[in-house]
Every structure is written in C-alpha cells, then in structure tokens.
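Structure record follows, encoded as structure tokens.
Read-outs throughout are calculated quantities, based only on the coordinates presented, and are distinct from any laboratory measurement. Bear in mind the structure is a predicted one, so any value in this text is a computation, not a measurement. Here the Cβ is made from the backbone with ideal geometry for all residues, glycine too, and neighbour counts use every protein chain on show.
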Amino acid sequence: MCNWCSYAGADKAGTAQLRVPHNLSAIRVMCTGRVDPQFVLKAFREGADGVVILGCHLGDCHYKEQNYRALQRHRILLAMLRQLGIEEERCRLDFVSAAEGEGFARLVTGMVEAIKTLGPLDLPVHSHGLDQKI
Amino acid sequence: MRVGVYFCLCGPNIAEKIDSEAVRQAAERLPGFGYCRTVEFLCSAAGKSAMEKDVRENRPDRVVVAACSPRDHEETFRGVLARAGMNPFLMQMVNVREHIAWVTADREKATEKAIRHIGAAMRRVVLHEPLERREIDVCTDVLIVGAGPAGLKAALNFAEAGRKVCLVEKEPVLGGLPARYEAMFPDMECGPCVLETVLGDVLHGPHAERIEILTLSSMEDVVGYYGNYTVTIRQSPRYISPDLCIACGECIPVCPAVSGNPFNYDRNDKKAVDYAFQGGLPNLPFIDAEICLRTTRNEDCRLCREACLVEGAVVYEDSGKKVTRQVGAILIATGAGLYDCSRLPNLGYGRLPDVFTSLEFERILAANGPTGGAIRKADGNPPKRIAIVHCVGSLDARHKEYCSGICCETAFKFNRLVAHKLPGAEVTHFYKTFSVSGKRGYKLFGEAGARASTRFVRYDDIDRLDIRSDGSGGHHVVLNAPTAAPSVTESDMVVLCPALVPSEGTARMARMLEAATDRFGFLEELHGRMDSVRSKVRGIYMAGTCQAPMDTQKAVEQGLAASGAILAGLVPGRKLVIEPVTAVVDQERCSACRSCIPVCPYKAISFDSGKDSAVVNSVLCVGCGTCVSTCPSGAIKGNHFTDEQVFAEIEGVLS
Ligand SMILES: Cc1cc2nc3c(=O)[nH]c(=O)nc-3n(C[C@H](O)[C@H](O)[C@H](O)COP(=O)(O)OP(=O)(O)OC[C@H]3O[C@@H](n4cnc5c(N)ncnc54)[C@H](O)[C@@H]3O)c2cc1C
Ligand code: FES
C-alpha cells in the first residue's frame with residue numbers, strides 16, 4: 001500500500017470507523033512503484049491467501065506515474081502466478097484515493113470474501129523458495 | 001538488541017478495543033523485547049516528554065511506537081527520539097488506531113491483530129539503520145529565462161528580497177508579448193505602459209543593481225542540481241555598446257541594408273542597425289547580423305560608425321560572450337506562441353491578402369507598429385468590414401482541445417480599438433463559444449455587444465468556415481450549415497485568434513533541463529492545483545504561459561508565486577536538508593545496465609562512466625523506491641524500505 005492516497009484512504013476508513021477484515025494486514029511502502037514482485041511472492045510463501053496492491057488512482061501517483069509501472073509489473077506477475085497455480089483473484093492491483101475510505105473498506109472486504117470462496121491457498125511444495133530464486 | 005515498545009491507549013480510542021495487557025505479555029515473549037510502556041496519550045506534551053526521558057534513561061537499541069497512523073505522528077515521535085539522543089530512524093510505528101482499533105468490531109480479534117503487527121514491527125525495526133539527514137550549502141542566486149511579464153515580475157521580487165538575479169532574454173528587447181500591444185484587456189492601458197510599472201524598476205529601480213540583464217542571450221548548458229547549478233549562457237553580439245550608446249538614432253538613416261522586420265511580422269522593413277520597434281526597452285538599437293552587409297557580404301561598410309555621435313559606441317569587433325553563472329534555482333518563463341493557422345487551409349491564412357493572426361493584428365493596431373497604428377488593407381485603403389474568428393484551433397480534438405481563455409477578450413479588445421480607429425466599420429465575431437470569466441472579463445464583451453456595428457455569428461465546426469476571395473480584393477466568409485443554405489459574410493479583413501501553444505523556447509528549455517511537458521507541450525506542474533509553479537525536477541520552476549495559456553495578470557501572479565517558492569526554499573545562511581530516505585546504489589553490484597535511469601521521474605539517477613555505475617543524486621531523489629524494484633541486479637537499496645525490512649514485516653504480520 002503506497003504511503004499517499006491509498007494509505008490515507010485506509011486511514012479514512014479508520015476515522016469513519018468502518019469495518020475492515022481483521023485478517024487484512026497493511027504493509028506500507030512509499031509508492032506502488034516500490035512493490036517488488038518478490039514482496040508478493042514472499043507474502044504467498046509466508047501463508048497469505050491473497051495479496052492486494054493498492055496505489056493512488058492512475059494519474060494521481062505522488063511520484064508521477066509509478067503506478068502505471070506497478071500496473072505493468074502486476075500483469076507480468078499474474079502470468080507468473082498462473083504458472084505456480086495461484087489464481088489471479090488472489091493477487092489484485094487496485095486504486096484508492098485519500099477520500100475513498102468507504103471504497104477501501106468495500107474493496108478489501110470484497111476481496112476477502114472472494115478469497116474465502118476460493119479457500120486457503122495450497123501452494124505446491126516445489127514452489128516454496130521460488131521467490132528467492134527470482 | 002533491545003526493542004522498547006511504546007503502546008499508546010489514545011484515551012479510550014485504543015484502550016477500549018485492544019487488551020493492552022495481553023499485547024504486553026505477547027510482546028515480552030518476542031525476540032529482542034526490551035520493555036513495554038503503556039501510555040495514555042503518547043502524543044500529548046506530557047506523553048512526549050515522558051517518552052523522551054524514558055528513552056534517554058533506558059537507552060533502547062530500537063523503538064516501536066504502537067499508536068495512530070504514521071501519517072499523523074511519525075515525525076512527532078522521530079522528533080522525540082532525536083531529542084532523547086537517539087537516531088530517529090531507528091523507530092517503526094504500528095498503526096493500531098486507524099488500521100485495527102477503529103475498524104475491528106471484535107476485541108479479541110483486534111488484540112490478536114495488534115500483537116501480530118507489533119511483532120512485525122519488532123522484526124522490522126531491528127533491521128533499521130541509523131540514517132542521517134545531511135546538510136549542504138546552497139547558492140541563493142537565481143536564473144530566470146524569459147523576460148516577459150512573468151519573468152520580469154519574478155526578477156524584481158528577487159531583487160527586492162536582496163537576491164541576485166540573472167535574467168536571460170533571447171530578444172534584444174524586454175517585456176515579452178505585451179510590449180507589442182497597443183492596449184491590454186480589460187482596462188485598455190497600453191502594453192508598454194502596463195509593463196513600465198515593472199520594467200522601469202527592473203532597469204533603473206532601487207534594486208536594479210542586483211538584476212543582471214542579458215538580452216540576445218540563450219542558455220547553452222546546465223550542470224548541477226537544486227541549490228548548486230552552473231549555467232552557461234551565450235550572448236550574441238549587439239555591436240552597440242549599452243554603456244556608450246545615447247540612443248540618438250543617427251546611425252539608422254545612413255544604414256544601407258534593409259530587410260523585413262520580424263518584430264512586426266515582416267509587415268514593414270527595418271535597417272540592419274535599428275530598434276526592434278520604437279519604445280522597446282532597453283532603449284538601444286542593435287545590429288542584426290543577418291542583414292548587415294559586413295556580416296552577410298563581408299563588405300567593409302562603416303556608415304553607422306561614422307554617423308555615430310559617440311566615439312566607440314558602435315563595436316564591429318563585438319563577438320558576443322559566453323558567461324557562466326552559479327545559481328540555486330532556475331525559473332523558466334519562456335512564454336507561448338500561436339497555433340499555426342496554415343493547418344487550417346480553409347481560413348486562407350498565408351494565401352489570401354489581409355488575413356492576419358491576432359499577434360499580427362496587434363502590431364497593425366500599435367502606434368509603434370508597421371503602419372503607425374493605422375488599419376490598412378494591402379491596397380492602402382481602410383477596411384469597412386472586419387471579420388474576427390475566435391477559437392481557431394481551440395476546443396477541437398483535431399487541433400488543440402483546450403480553450404486558451406484569452407482569445408475572446410483579445411477579440412473584444414480588437415473590437416473596441418477598431419471602433420475607435422475606424423468609426424462605423426462593421427465587426428463580425430465568428431465564435432464557437434465565449435469565455436469571458438473573472439470579475440473584469442465581461443467588460444469589453446458587454447461593450448462590443450452594445451455597439452451597433454458588431455455582429456455575432458456562431459459556428460460549431462471550424463471546417464464549415466470557408467474564407468475565399470471575393471474577386472475584388474475582399475473576402476467572403478462562408479459558413480456552411482449542414483441543413484440550411486450557406487451564409488456569406490462580406491469582409492475586407494480577417495483576424496484569426498488561434499490557440500496559445502508553447503513557444504519554441506519552452507520546448508528547448510524543457511529538453512535542456514529535463515523538465516517534463518504535458519501532452520500539449522506546456523511545462524508540467526508538480527501538482528496541477530497545489531503546486532503549479534514547481535516542475536517535477538526539484539530546483540526548476542516555471543511561470544507564465546510556458547505552463548499553460550493565461551492572461552498577463554495570472555502570468556505575473558505566477559512570477560510572484562514562483563519567486564516566493566524559491567525564496568522560501570533557498571535562504572541565505574540556511575543549509576539544504578537532505579532527507580536520508582533515498583535510494584543508494586551499491587557500485588560493486590551495479591551491472592551498468594542503466595534500467596534505473598529512465599524510470600526515475602526526478603532525473604535523480606545518472607551514469608558515472610568513471611565508476612561504471614549508476615549514481616543517485618540524493619538532493620533530487622525523493623525516495624519513491626521505483627528504481628529499487630527495477631534494478632535487476634539488486635544493486636539499489638531503498639533506505640528505510642529495504643527488501644530485508646519489508647520481508648521481515650511481511651513475515652511478522654503473517655506469523
Ligand atoms: C494576441 C494576443 C493578445 C493578448 N492580449 C492580452 C491582453 O490584452 N491582456 C492580457 O492580460 N493578456 C493578453 N494576452 C496574453 C499575454 O500575452 C500573456 O499572458 C503574457 O504574454 C504571458 O507572459 P509570459 O511572461 O508568460 O510570456 P511572454 O510574454 O510570451 O514572454 C516570454 C519571454 O521569454 C522569451 N523567451 C522565449 N524563449 C526563450 C529562450 N529560450 N531563452 C530566452 N528567452 C526566451 C521571449 O522572447 C519573451 O520575451 C494576449 C495574448 C495574445 C496572443
Ligand atoms: S504514491 Fe501512490 S501509487 Fe505512487
């Protein structure tokens with residue numbers, strides 16, 4: 001989650017006392033441009049059932065256009081995850097503005113629900129450690 | 001390593017939702033645990049001073065603050081640590097309030113989540129490195145490129161604040177476009193008169209000695225970064241000594257070389273030694289090397305020197321000069337030009353006589369222009385009917401989709417000047433839409449509408465407008481309607497009001513300074529609403545129509561705004577603080593692939609061929625981390641957000 005719009009949006013959900021799933025954990029980076037695909041792989045390896053990368057809306061990135069770069073990386077990452085047998089729904093990239101507290105809450109709640117229907121991620125044993133090879 | 005945990009209850013905000021005792025007991029079992037303090041209000045004055053005292057006494061190696069959002073108070077608690085004598089970056093915050101207490105209904109689940117997140121922060125914080133804010137000396141002088149209203153006002157503001165300014169202007173005269181206007185909307189004061197309020201002080205005011213004016217000059221090279229630029233400027237020869245010339249004009253009539261005057265869009269001739277136009281400041285003639293027989297034909301003509309009343313004022317030996325200046329910031333104020341009307345061939349521009357652009361018409365109207373202010377057709381007679389076409393190339397996806405916001409008022413200014421100069425002449429405005437906003441915008445529009453000689457004709461697509469010769473020296477302005485018969489308006493003169501587009505100089509400066517431009521070619525702001533005079537490159541500022549189309553009032557305001565922003569950033573005696581949360585290249589690991597260079601929007605990375613490695617300029621780096629995740633060799637470290645730190649946090653929250 002980038003430090004600017006999306007983190008502020010999540011804070012807004014807090015100030016508005018909305019409900020956010022307790023099994024969602026935010027990792028703050030300065031910008032989605034910093035989100036190395038390895039971070040996502042690492043999360044899956046550590047037992048996450050889903051990962052969502054949240055940034056500012058396209059055009060609003062605090063650092064100009066890094067979220068477009070994140071978008072490109074995400075596409076490539078999805079192709080890689082497919083090879084590992086990880087469903088696309090488990091790794092999303094989305095955008096939240098600083099004002100969208102409700103949008104944030106809805107988005108992550110929806111994602112948690114979707115992943116619940118998919119069930120826990122059962123990573124094949126041979127893919128363990130893959131993140132370290134990349 | 002001992003980690004001190006400060007758990008803020010935030011009154012009832014966190015206390016009611018999270019079992020702080022359970023948190024403390026869980027933290028105690030984690031590796032690295034030093035101690036845990038539960039505080040009522042950590043951010044209160046009492047909370048902060050208690051924390052400072054506690055840190056000083058207990059000397060933890062690292063600190064975790066579990067409280068509110070780091071967006072609120074990370075800086076606050078960094079300050080506490082610094083005052084307690086600890087490196088402020090050896091702390092990690094856990095957003096217990098916004099991300100846990102306020103959004104989790106179940107107290108047990110909230111407590112469990114707080115424990116996981118505090119654990120993650122403890123794992124992360126042990127990997128934190130002490131980072132130092134660096135300070136560097138800066139130069140507080142400024143370079144301004146472009147001496148239009150925006151650049152001039154900024155220059156004066158700097159000089160008044162006691163700063164040295166170098167003002168670079170490519171033309172031999174100052175003032176930008178308004179120096180060429182007979183009158184300016186909305187108040188119809190003459191252009192040079194409006195400029196005089198600033199220009200007079202720039203040239204001769206009490207602070208003028210701090211402004212170095214370089215006319216006929218252009219910036220050739222720039223190296224360095226915010227606070228420390230070295231700029232090379234090339235000044236072309238004027239061949240007339242500004243110190244000796246008394247502006248008597250004796251040299252002009254004797255000069256045998258004549259050519260079209262570009263300042264009047266070639267609508268009259270000028271001599272090789274001449275003024276750009278009467279009243280242009282500084283009030284000095286110049287020798288145009290492209291006309292002078294000495295330079296064009298290698299002749300030994302000395303007529304102007306012989307006619308000159310002052311010994312040594314005409315300097316054939318002048319070869320211009322190259323100067324270098326040290327400055328801390330660069331302000332671009334290179335203005336705008338007009339959209340090329342020949343891209344709309346149906347309007348007859350360049351093909352039919354007496355079809356002018358708005359800037360050409362400004363000169364025709366001007367008392368110091370090619371006709372002394374008389375509106376005359378090519379055949380020498382005054383026109384009886386003038387058509388003014390608004391929105392040329394504007395509000396049109398095939399040309400420029402924006403509205404320049406100044407053409408309507410310019411057109412109504414023309415209406416008024418025509419009414420005064422040619423009473424009874426008919427003026428027809430062909431328009432797509434009117435834009436006359438602001439508290440004074442309506443004035444000239446209202447006046448024009450009240451004049452019996454004014455007509456308005458609306459068109460919706462410029463392609464339906466056809467300007468043809470009427471066969472006897474005049475024009476037919478034909479509006480082809482899709483359903484009805486075409487309507488024909490007779491006119492003797494047509495004035496086209498095209499969209500404002502970035503000037504050539506603006507494009508050149510953007511390239512040289514690597515400042516981004518938007519899709520129209522205007523300089524791109526750091527933030528369109530909140531920071532429109534700062535570019536994305538730290539240290540490069542902009543003002544006036546190089547940023548967007550605007551009228552002179554706004555251009556001048558931007559000049560003031562940009563100078564204010566620069567003055568606030570570069571203060572004599574104050575050093576520039578460089579934040580340490582930046583990217584750092586490990587030169588041993590860098591494989592010289594250069595992938596990182598284009599991804600940085602701040603031009604902070606360059607390649608050092610001597611070291612065979614990319615290098616990050618920490619003054620320009622803002623720490624977004626994009627290059628870090630781009631580097632295929634893992635050679636770039638994102639300070640305070642290293643791979644290891646982020647991994648540790650991920651492990652923690654998922655444990
Ligand atoms: C036909 C017309 C009529 C207008 N009438 C009015 C009016 O009545 N009232 C009003 O408020 N506004 C009017 N405007 C708008 C007004 O002209 C602009 O708002 C104003 O000129 C903007 O000032 P500026 O300093 O940004 O740019 P400019 O006035 O364009 O000045 C830019 C300066 O930078 C110099 N320069 C460019 N490139 C370089 C380079 N590479 N190196 C060094 N110097 C360089 C130029 O020579 C010029 O001196 C009119 C505009 C047009 C087109
Ligand atoms: S800062 Fe939010 S995506 Fe870049």
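Side notes on the structure shown:
- A simple spin-label model places pseudo-atoms 7 Å from Cα toward Cβ; at B:ALA484 and B:VAL615 they are separated by 7.1 nm.
- Neighbourhood charge, 15 Å Cβ-Cβ cut-off, centred on B:LYS377 and excluding it, Lys, Arg +1 and Asp, Glu -1: -2
- Nearest 10 degrees, 0 to 90: helix A:101-118 Cα axis against chain A principal axis: 20
- Relative contact order of the stretch B:338-501, pairs being alpha-carbon contacts under 8 Å that are 6 or more residues apart, as %: 33
- Sum of -39500 (n - 2.57) over DSSP H runs of 4+, divided by residues of chain B (222 nm, nearest 500): -8000 deg cm²/dmol
- Here r is the Cβ-Cβ distance between B:TYR442 and B:LYS421 and R0 is 25 Å; the resulting FRET efficiency, rounded to 0.05, is 0.60.
- Across chain A, the mean sequence separation of Cα contacts (distance under 8 Å, 6 or more residues apart), normalised by length, yields a relative contact order of 37 percent.
- Here the calculated FRET efficiency for B:THR232 and B:GLN587, from their Cβ-Cβ distance with R0 = 35 Å, stands at 0.75, rounded to the nearest 0.05.
- Listed cross-link partners B:LYS170/B:LYS421; B:LYS322/B:LYS637; B:LYS432/B:LYS536; A:LYS64/B:LYS554 are compared with a 30 Å cut-off, the Cα-Cα value being larger for B:LYS170/B:LYS421; B:LYS322/B:LYS637; B:LYS432/B:LYS536.
- Once C-alpha pairs closer than 8 Å and six or more residues apart are averaged by separation and normalised to the residue number of the stretch B:512-655, the relative contact order reads 18 percent.
- Rounded tilt (10° steps) of B:70-83 against the dominant C-alpha axis of chain B: 70
- Summary of the geometry: the stretch B:345-410 and the stretch B:55-101, compared by the centres of their Cα atoms, lie 65 Å apart.
- Contour minus Cα-Cα distance for B:GLU57 and B:TYR402 (0.36 nm per residue): 117.9 nm
- Axis of helix B:643-653 versus longest Cα principal axis of chain B: the two differ by about 60°, to the nearest ten degrees.
- Using the Karplus relation 6.51 cos²θ - 1.76 cosθ + 1.60 with θ = phi - 60°, the per-residue 3J(HN,Hα) values for the stretch B:532-538 come to 8, 10, 9, 8, 6, 9, 4 Hz, with x marking Gly and Pro.
- Whole-angstrom gap from the stretch B:29-50 to the stretch B:416-469, using each part's C-alpha centre: 71
- A crude spin-label estimate for the pair B:GLU196 and A:ALA99, with each label 7 Å from Cα along the Cβ direction, gives 4.8 nm.
- Once the C-beta distance of B:THR371 and B:ALA452 is scaled by a Förster radius of 25 Å, the resulting FRET efficiency is 0.40 to the nearest 0.05.
- What the phi angles of the stretch B:46-59 give under the Karplus curve with 6.51, -1.76 and 1.60, with θ = phi - 60°, is a coupling list of 5, x, 5, 6, 5, 5, 4, 5, 5, 5, 5, 6, 8, 6 Hz, glycine and proline written as x.
- Value at 222 nm in deg cm²/dmol, rounded to 500, when DSSP H runs of n ≥ 4 in chain A each add -39,500 (n - 2.57): -14000 deg cm²/dmol
- Placing a label point 7 Å from the Cα of B:LEU352 along the Cα-to-Cβ line, the residues of the stretch B:367-404 whose backbone N sits under 13 Å from it are B:385-389.
- 3J(HN,Hα) from dihedral phi, the stretch A:91-98, Karplus parametrisation 6.51/-1.76/1.60, rounded to Hz, x for glycine, proline: 10, 10, 10, 8, 10, 9, 8, 5
- In this structure the amide hydrogen of B:ARG455, modeled in the peptide plane, comes within under 5 Å of the amide hydrogens of B:VAL427, B:THR428, B:HIS429, none closer than 5 places in sequence on its chain.
- Remark on B:SER469: its backbone amide H falls under 5 Å from those of B:HIS476, a criterion applied only to residues 5 or more positions apart or on other chains, H modelled at 1.01 Å from N.
- With the simple model of a label 7 Å out from the Cα in the direction of the Cβ, A:GLN17 to B:GLU311 spans 9.2 nm.
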